[in-house]
Amino acid sequence: MAFTSWRGLVGMINPTMRPGMTEEVIRLLPEGIGVIPLFLNITRGTTEEFKTMMAAYEAEIERLIPQECDLIHPNGAPPFMVHGYEGEAKIVRAWRRKYKVPIFTAGQNHVAAMKALKIKNFVGATYFSGNINKTFAAYFKDAGFKVKAMAGIDVPFNKVQELSGEQIYEHIKKNFLAQKGADAIYMLGSGWRSLNIIHLLEQDLSVPVVHPVTARVWEFQKRLKVHEPRDGYGVLLSELP
């Protein structure tokens, strides 16, 4: 194992060529955890495109196997959620048996983070529009949660990263306040640059936020037996449940 990975090595397969998320994860991870990032090239962000990506993900898993990663994380919630909660689990079980390495998806990570925070119901926010948000809601319902809303922003898939934190905050706050009694806020997707609003949302609305970047950093630490809290990015990283 390389010197820089003395606390563990993670292989991460990203769904798009977007910069941003990988850098955020690496900056938030404790020193000594190494990351090998690989990239797919999803461009349209449609259900049809997502459903075709499993072979591409598996090809990247095979590239990572010789690197002897401690974990492999096929990132990108939508490409797996479109197969359903049980369909995703079946795919991942087959990969774990075949490659003999711990593998978990973004959706599985988000479910684990919600369970760690003892969340029962939530308001979700996405940067998708239309029926795919019903698919996301069904995934979490099948995982045992009550989804009070899954509210999408109507923005082109290749422009998500241009949304400001203020726009995202406003969208989430408006939809959260429109519901009653939600335990938490869930942000689906790593495309938007939104780490700076997690603490503000938790402070203003008095509920935890499950964000894809911080949830990922939380579970990498948990699985690698590292416990190094980070303040300023929400309760999940400050408390590391």
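Phe176 fulfils the conditions (1) in contact with a His (Cβ under 8 Å, 6 or more places away or on another chain); (2) hydrophobic (A, V, I, L, M, F, W, C); (3) in a helix (DSSP H, G or I) except for a single criterion, (1). Say whether the condition of being over 19 Å from the mean Cα position of the chain (by Cα) and modelled with pLDDT of 95 or more is met by at least one residue in region 151-161. Scanning region 151-161, I find no residue that is over 19 Å from the mean Cα position of the chain (by Cα) and modelled with pLDDT of 95 or more, so the answer is no.
Residue by residue, here is whether (1) among the β-branched types (Val, Ile, Thr); (2) without any contact (Cβ under 8 Å) to a residue 40 or more places away in the chain; (3) in a loop (DSSP other than H, G, I, E, B); (4) out of contact with any Lys or Arg (no Cβ under 8 Å at 6 or more places or on another chain) holds:
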{"site": "Ile119", "(1), (2), (3), (4)": "yes, no, yes, yes"}
{"site": "Thr135", "(1), (2), (3), (4)": "yes, no, no, yes"}
{"site": "Ala138", "(1), (2), (3), (4)": "no, no, no, yes"}
{"site": "Met150", "(1), (2), (3), (4)": "no, yes, no, no"}
{"site": "Val155", "(1), (2), (3), (4)": "yes, yes, yes, yes"}
{"site": "Gln161", "(1), (2), (3), (4)": "no, no, no, no"}
{"site": "Ile168", "(1), (2), (3), (4)": "yes, no, no, yes"}
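Against the condition farther than 30 Å from Gly152 by Cα, in contact (Cβ under 8 Å) with a residue 40 or more places away in the chain, under 18 Å from the mean Cα position of the chain (by Cα) and surrounded by 13 or more Cβ atoms within 10 Å (Cβ to Cβ), how does Val35 come out, does it pass? So Val35 does not fit the description; no.
One line per residue, one yes/no per condition, for (1) in contact with a strand residue (DSSP E or B) (Cβ under 8 Å, 6 or more places away or on another chain); (2) farther than 19 Å from Met17 by Cα; (3) loosely packed, with under 15 Cβ neighbours inside 10 Å; (4) among the aliphatic types (A, V, I, L, M):
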site	(1), (2), (3), (4)
Thr47	no, no, no, no
Met53	no, no, no, yes
Glu68	yes, yes, yes, no
Leu71	yes, yes, no, yes
Ala77	no, no, no, yes
His83	no, yes, no, no
Ile91	no, yes, no, yes
Ala94	no, yes, yes, yes
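Identify the residue in region 124-141 that is surrounded by fewer than 15 Cβ atoms within 10 Å (Cβ to Cβ) and of a type in the set (S, T, N, Q) and, among all such residues, is nearest to the chain's Cα centre (by Cα).
Pass one, region 124-141, residues surrounded by fewer than 15 Cβ atoms within 10 Å (Cβ to Cβ): 129-131, 134, 141.
If we keep only those that are of a type in the set (S, T, N, Q) as well, we get 129, 131.
Working: Ser129: 18, Asn131: 20 Å.
Checking each candidate, the answer is Ser129.
Could you check region 196-241 and list, in sequence order, the residues that are of a type in the set (Gly, Ala, Ser) and either over 18 Å from the mean Cα position of the chain (by Cα) or part of a helix (DSSP H, G or I) (or both)?
Taking region 196-241 first, the residues of a type in the set (Gly, Ala, Ser) are 206, 215, 232, 234, 238.
Of everything in region 196-241, those that are of a type in the set (Gly, Ala, Ser) and either over 18 Å from the mean Cα position of the chain (by Cα) or part of a helix (DSSP H, G or I) (or both) turn out to be Ser206, Ala215, Gly232, Ser238.
Check whether at least one residue in region 172-187 is modelled with pLDDT under 95, out of contact with any Leu (no Cβ under 7 Å at 6 or more places or on another chain), closer than 16 Å to Glu24 by Cβ and crowded, with 17+ Cβ neighbours inside 10 Å, and report yes or no.
no
The values are calculated or read from the model by the stated rules, or taken from the named source; none is laboratory data. This is a predicted model, so every value here is computed, not measured. Note: ideal-geometry Cβ built from the backbone for every residue, glycine included; neighbour counts use all protein chains shown.
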